[in-house]
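Data block below; observations after.
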Amino acid sequence: MISKKSGKQAILAGTALLLGLMTGCSDGGKTAGSPASSTPSSPAKDPVSIEVWVNSRHDLEVRESLVKKFNETNPDRIQINYKVFTDNYEEQLKLALNAGKLPDIAYNISTDLTNAGFPLDLNPLITPDIRNRFDVSALTAPPSSKNGELDRVFENVTAMKLIYNKDLFKASGLDPAKPPVTWQEMRDYAKQITAKGGGQKYGLGLPVKQTVFWRYYAIYPSAVSGDIMGREGWNAVTGKYDFSPFAKYVNWWIETNKEGSVFPGVGTYDNDMIRAQFSEGNIGMLSAATWDIGVFNDQFPAKIDWGVADFPTWEGKVLGGHPYETANGFSINKNSKHLEEAKKVWQFLVSDEMFVELAKKGLGSFTNIAAQNKSIQPVNRKGVDGFVINNQSVDYPMAPRLDYSVINPPLKVGTLDVNKSGVVNDVMNQLFMGGKTLPEIEKQLQALSDAFNKLAEANVNGGKIDLAKYMLPGFKPLKQ
C-alpha cells in the first residue's frame, strides 16, 4: 500500500519529468535543460559579399591584412572579396563590362568604364569629416568629369624631385649637403663629377629611350622656375597651349650632353637601366618621382647615400610650387546589387587607418592628411620624407583631353604626326637627338603650340570639349 506522501511525491516527479520533456521539445532541439528564451530570437543576417578589384600589388600585404580585420569585425557581416589583377587589368574590366559581371568596387577605372556609366557619383558621400581628412586635390572632380561628378577620391600623390648621390658629390669635391640650386650650378656639378669619374662615373642620366621621360626632365622641372601654368604645355590662365618655355630646358640638355656630362648612350637606355646605374653609384643626379622610393629601397637597393632635393631654377629664385599629381582611387559600381554595403566598404577603403598603415610601410605618398604626417614615415625607407607634399607643393591644372581624330590627316610638326598627347615628348626627343640649336628648338616648339591650339579649337567646334572647364584665370603657381 502506497502512502499519501509517497503518491504525492510520485505525481510531482511525473509532472517534473513531463515539464522537462516539454521544455526539451520547445527549444528547437537544443540540449534538454538549457534555458528557454522568453522572446523569439531574430534570424541571423546572411553575409553580403562585396567584390573589390584592384591592379596594385605592391601594397597587397597591408591591404589584405586590413581587409581580413574588416571581414572579422564589421557588425554588418560584410565580407570583402579582394581580387588583384597584375596583368591585363583594363582588359579584364572590359570583359566584365561586356558580360554584365562588373565588381561592386574597382580601383583605378579606365575611361571606358566611366563612359559606360560604371561609377557612382561620390559627392553625396563626401562628408565634412572626409573633407577634413584629405587634401583638397583629392576631392576635386577633374574637368573631364560629367556634370562635376566625382568618381573616386584621388588617393595617390606622385611628386617630382631631383635625387643626387651624396657619396659621389663628396668624392668629386662637392658639398653633399648642398645640391644645385640653379641650372648653371647643376651643369657645373655634372661636369666636375664626370671629370673626376675616370670614364666610369657621370654627372647626369637621361633615360629618353622612353620619350615620356621628357615630362620628368624638362616639363616638370620647369615648374619651380614659374614656367608652367598647367600640365603638358597647357596654360590654364590664358586657355592656350604654349610649349615655348621648354626650349631652354631642351637646349640645356643638348649642351650638357655635348660636354660629355651625361651617362653615355643616351637614347639607348630606359629608366630602369639608368636607375640601376644610379643605385650602383655611377651617376650623380637624376629626376625622380615618388615611386622611386620603392625602386631604390627594393627593386634596385641603393649601394650609396642619396638625397632628395628640389629642382633647380634659372636665377636661384623659386617662382613656382613643387609639382605633384594625384591619381587612382576606388570607384563604386552604381548598379551594385548591394549598394549600401558597397558604400560601407568604400568608407573603409578611404579610412585614415588604411592610409596610415600604408604610409608606415613606405608604400607611397597620399592625399590623406594623417598619412602625410612625417612622424609616421618609416625611418628605414630612405627618401620618403623628401617626396611628402607640403604647403608649397602644387597640383597643376589638368590639360584638356583632346580627340586627335577631329583633324584628318593629322597636323605635322616636322616629320611627326600630331595624333597623340605623347607627340610633345617625341618632338623634344627629336630635337635632342638631332642636337639642334636654340633657334630651331624655339621654332619647332612654336609649331607644336600652334598645332595643339588648332586641335583644341577643332575639338571645341566639334562639341568634343568645353575649354572653359580647363581654365583657371586666377591660378598662381606659387602659394603665398
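Some observations on this one:
- Filter result for residue 170 (modelled with pLDDT of 95 or more and farther than 24 Å from residue 313 by Cα): no
- Test: residue in the stretch 313-324 that is among the polar types (S, T, N, Q) and assigned to a strand (DSSP E or B): yes
- Flag for residue 130 being closer than 30 Å to residue 350 by Cα and free of Cβ contacts under 8 Å to residues at least 60 places away in the same chain: no
- The residue list 454, 469 contains one member that is over 28 Å from the mean Cα position of the chain (by Cα) and within 30 Å of residue 148 (Cβ to Cβ), which is 454.
- Across the stretch 59-77, not a single residue is classified as open to solvent by less than 70 Å² (accessible area, probe 1.4 Å), of a type outside the set (Asp, Glu), farther than 15 Å from residue 349 by Cβ and assigned to a loop (DSSP other than H, G, I, E, B).
- Residues that are surrounded by 16 or more Cβ atoms within 10 Å (Cβ to Cβ) and out of contact with any Leu (no Cβ under 7 Å at 6 or more places or on another chain) were ranked within the stretch 95-104; the one that is nearest to residue 148 (Cα to Cα) is 104.
- Residues (surrounded by fewer than 23 Cβ atoms within 10 Å (Cβ to Cβ) and within 23 Å of residue 318 (Cα to Cα)) located in the stretch 149-158: 158
- Residues of the stretch 306-361 satisfying the condition of being within 21 Å of the chain's Cα centre (by Cα), open to solvent by 20 Å² or more (accessible area, probe 1.4 Å) and within 19 Å of residue 83 (Cα to Cα): 328, 347, 348
- Residues being open to solvent by 50 Å² or more (accessible area, probe 1.4 Å) and touching a Pro at 6+ places or on another chain (Cβ under 6 Å) - total across the stretch 404-429: 2
- Residue among 223, 288 that alone is under 20 Å from residue 393 (Cα atoms), among the aliphatic types (A, V, I, L, M) and in a helix (DSSP H, G or I): 223
- For the stretch 115-148, a residue qualifies if it is closer than 17 Å to residue 400 by Cα and surrounded by 13 or more Cβ atoms within 10 Å (Cβ to Cβ), and the qualifying residues are 140, 141, 142, 143, 144, 145.
The values are calculated or read from the model by the stated rules, or taken from the named source; none is laboratory data. These figures come from a predicted structure and were not determined experimentally. For neighbour counting, all protein chains shown are included, and Cβ atoms are generated from backbone atoms with ideal geometry for every residue, glycine included. Accessible surface areas use protein heavy atoms only, side chains included; no ligands, DNA or RNA. Shrake-Rupley method; radii C 1.70, N 1.55, O 1.52, S 1.80 Å.
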